[in-house]
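*Asks:* Quick one: the structure is below, and I'll ask about it shortly.
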Amino acid sequence: MNIIDAHIHFWKFDPVRDSWINDDMTVIKRDFLPADAENIFQKNNITGCVAVQADRSEQETAFLVELCRKNAFIKGVVGWVDLSRKDIQETLLAYSKVPEIKGFREIMQGTPDEQYFTNHSFLEGVKHLNNYGYTYDILIYHNQLPTAVRFSERYPDQAFILDHIAKPNIKSGEWKKWKTDMKELAKNPRMYCKLSGMITEADWQRWNDDHIKPYLEIAAECFGTDRLSFGSDWPVCLLAGKYEAVLKIITEFLLQVPLAEREQVLSGNITRFYTLN
């Protein structure tokens, strides 16, 4: 079966730039490059991946594009650009000549609304993404879902994808408010969702599959199998478990649906969403 990982990261570790990687995260305080991922992918029959930005810089976008050009299994890049810049249309036009870039992302998680969600310059920039065929990844915490609903409603033609199922508080087992908000977000037919980043929202040392399953069931109920995609969030997932553990959760969960729907979640939906080769 064809499997494309919709969400992985690459970096050359820099203690200043990557200061978000604190002393509790020593397992990821090192370089993670395509050779590392390729070994894992070969062992687990992963046929490709999408590289997603982890740093707010156009230098990282260029770095990921270069990796994509040199490694056929990297099918596309979700980069970063300052969407609030005055010359954003000219910038997006220039990027449109770089076919490796499929969309963009901003690190919205934990930020006040005025930084992005109610920032006029930023909102104006997002308005232009669809004109150049770009998608937008929404990276937020669960408590930001109501604001994300209002944000996405501004752009009825824009293709959005929610990263990490909006980072619910899996460690505490809370899900009722998150479910209500996810249902609202999923009413937008242009909103997709990545089944990614879940084990790092659970208790890193004590989680098991049963802690994750209710959140998978709710995500499937809200988005259906035609708007969900598997993503590992490697190497960040290593904080709480191996790549194989993340893949196992998703593949076993999907055994309850027909093969055609499994294939959509594991590769078809993300190929369509990002228009991957």
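*Asks:* Restricting to the stretch 154-166, name every residue that is open to solvent by less than 10 Å² (accessible area, probe 1.4 Å) and over 17 Å from residue 119 (Cβ atoms).
*Replies:* Result: 160, 161, 162, 163, 164, 165, 166.
*Asks:* Within the stretch 116-153, restricting attention to residues that are of a type in the set (Gly, Ala, Ser) and open to solvent by 20 Å² or more (accessible area, probe 1.4 Å), which residue is nearest to the chain's Cα centre (by Cα)?
*Replies:* By that ranking, first place goes to 133.
*Asks:* Another question about this same structure. Quick one: residue 43 ticks every box in (1) modelled with pLDDT of 95 or more; (2) farther than 27 Å from residue 262 by Cα except a single one, so which number is it?
*Replies:* So residue 43 meets the others, but not (2).
*Asks:* Might you check whether a residue that is open to solvent by 50 Å² or more (accessible area, probe 1.4 Å), of a type outside the set (Gly, Ala, Ser), within 16 Å of the chain's Cα centre (by Cα) and closer than 20 Å to residue 264 by Cβ occurs anywhere in the stretch 197-207? I'd like the intermediate steps shown before the answer.
*Replies:* Initially, the stretch 197-207 is screened for residues open to solvent by 50 Å² or more (accessible area, probe 1.4 Å), giving 204-206.
If we keep only those that are of a type outside the set (Gly, Ala, Ser) too, we end up with 204-206.
Those left that are additionally within 16 Å of the chain's Cα centre (by Cα): none.
Checked the stretch 197-207: no residue is open to solvent by 50 Å² or more (accessible area, probe 1.4 Å), of a type outside the set (Gly, Ala, Ser), within 16 Å of the chain's Cα centre (by Cα) and closer than 20 Å to residue 264 by Cβ.
*Asks:* Moving on to the next point. Looking at (1) in contact with a strand residue (DSSP E or B) (Cβ under 7 Å, 6 or more places away or on another chain); (2) modelled with pLDDT under 95, which is the one condition that is false for residue 23?
*Replies:* Failing condition for residue 23: (1).
*Asks:* Let me spell it out: the conditions are (1) open to solvent by 60 Å² or more (accessible area, probe 1.4 Å); (2) outside any loop (DSSP other than H, G, I, E, B); (3) more than 17 Å from residue 193 (Cα to Cα), and residue 171 meets all of them except one. Which number is the exception?
*Replies:* Status for residue 171: all satisfied but (2).
*Asks:* What number of residues within the stretch 219-236 satisfy the criterion of being of a type in the set (Asp, Glu), farther than 28 Å from residue 34 by Cβ and in a loop (DSSP other than H, G, I, E, B)?
*Replies:* Quick first cut of the stretch 219-236, residues of a type in the set (Asp, Glu) only: 221, 226, 233.
Imposing the further condition that a residue be farther than 28 Å from residue 34 by Cβ reduces the set to 221, 226.
Now narrow it down to the ones that are in a loop (DSSP other than H, G, I, E, B): 226.
Of the residues in the stretch 219-236, 1 are of a type in the set (Asp, Glu), farther than 28 Å from residue 34 by Cβ and in a loop (DSSP other than H, G, I, E, B).
*Asks:* Starting from the stretch 131-144, take each residue that is part of a strand (DSSP E or B) and list its partners that are open to solvent by 10 Å² or more (accessible area, probe 1.4 Å) and of a type in the set (Gly, Ala, Ser), counting only C-beta distances under 9 angstrom and pairs at least six apart or across chains.
*Replies:* Qualifying pairs under 9 Å: 135/159; 136/159.
*Asks:* Is it true that some residue in the stretch 212-220 is in contact (Cβ under 8 Å) with a residue 12 or more places away in the chain and under 20 Å from residue 274 (Cβ atoms)?
*Replies:* Yes, the stretch 212-220 has at least one match.
*Asks:* Going by what's in this entry, would residue 107 be described as open to solvent by less than 40 Å² (accessible area, probe 1.4 Å) and modelled with pLDDT of 95 or more?
*Replies:* no
*Asks:* Which residues, taken from the stretch 34-85, are open to solvent by 50 Å² or more (accessible area, probe 1.4 Å), of a type outside the set (Lys, Arg) and under 25 Å from residue 249 (Cα atoms)?
*Replies:* 35, 36, 38, 39, 42, 45, 47
Matching residues to (1) in contact with a helix residue (DSSP H, G or I) (Cβ under 6 Å, 6 or more places away or on another chain); (2) open to solvent by 30 Å² or more (accessible area, probe 1.4 Å); (3) in a loop (DSSP other than H, G, I, E, B); (4) of a type in the set (Ser, Thr, Tyr):
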site: 217; (1), (2), (3), (4): no, yes, no, no
site: 238; (1), (2), (3), (4): yes, yes, no, no
site: 254; (1), (2), (3), (4): yes, no, no, no
site: 262; (1), (2), (3), (4): yes, yes, no, no
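*Asks:* Within the stretch 154-181, track down each residue that is more than 16 Å from the chain's Cα centre (by Cα) and on the phi > 0 side of the Ramachandran plot.
*Replies:* Matches in the stretch 154-181: 173 only.
The values are calculated or read from the model by the stated rules, or taken from the named source; none is laboratory data. No experiment lies behind these values; they were computed from the predicted model shown. Because the Cβ atoms are built from the backbone with ideal geometry, glycine has one as well, and the counts that use them run over all protein chains shown. Calculation scope for accessible area: heavy atoms of the full protein, side chains included, ligands and nucleic acids excluded. Shrake-Rupley method; radii C 1.70, N 1.55, O 1.52, S 1.80 Å.
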